[in-house]
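Have a look at the structure below, then the notes.
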Amino acid sequence: MNPSEPDCVYCGSTDDPTRDHVPPRAVFPKPRPTNLVTVPACRACNSSAAADDEYFAAVLRLAARAPVPDPAPPLPLGFGRALGPGVDLPRVHRVVARVVRGLYFRETGRRFPRTEPLDVHCNASLVGCPPGLLAHLRAEILGPLLTWPAKRVGDRVFEYRSWHSPDRPFGSAWQLTFFAAVPFVVLTGPGGDSQQAD
Ligand SMILES: [Zn+2]
């Protein structure tokens, strides 16, 4: 990549370049950590996400602070917390997808194509998932990912781990946790979900 002419990591445009924070800056309480991650983004993509970012930060902060029921209900991912029934999950997942697109660029130096699948999962969205798929997700994807050291931004604010397929183009698996409480799993690339169902 030519740093003097950065392509937007979301849409590929070279118009009106800015830097976008991944995760959104709104997630980090002040004083903000010095190692916030930024990626090249055009102004249109950067500013179109602002309202979602505020919503995302507020919802996750609330979920992390909510009292845990006793006894705690079983969770599809096996840990963390589930976002409540009133939460706009597609909106939250849209932000997580953008975070992964940004981090994908950071980890690989390549833009993740808009045409490739990118699937976001969380405790709330996985309720009702077939037990076999869930067992596979936990044993074959989440379990191995969680044994690796996490990359962290901010004190108990955000951490992530990623695995990149050596042979499947754009194939990767991600585990992200916000506020040391709310986990997400993201799978990317062609055949991701269907392959896991085998
Ligand atoms: Zn853009």
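Just so you know, all these numbers are worked out from the coordinates, no wet-lab data involved. All values reported here derive from a predicted model rather than from experimental measurement. Here the Cβ positions follow ideal geometry from the backbone for every residue, glycine too, while neighbour counts run over all protein chains shown.
Here are a few things to note about the model shown:
- Taking all Cα pairs closer than 8 Å and separated by 6 or more residues, the relative contact order of the chain comes to 21 percent.
- For the pair ALA66 and ASP167, label points projected 7 Å from Cα toward Cβ lie 4.2 nm apart.
- Taking every DSSP helix (H) stretch of at least 4 residues in the chain, weighting each as -39,500 (n - 2.57) and dividing the sum by the residue count yields a mean residue ellipticity at 222 nm of -8500 deg cm²/dmol.
- Relative counts (whole %) of C-alpha pair distances in the range 1-136, using bins that are 5 Å wide: 2, 9, 16, 19, 18, 15, 10, 6, 3, 1, 0, 0
- Furthest towards positive pole of dipole, LEU187, ALA82, CYS42, structure part the range 17-197, Cβ charges: CYS42
- Cα-based shape type of the range 88-198, given that a ≥ b ≥ c are square roots of the gyration tensor eigenvalues and the cut on a/c is 1.5: rounded
- What separates the Cα centres of the range 165-183 and the range 46-104 is a distance of 15 Å.
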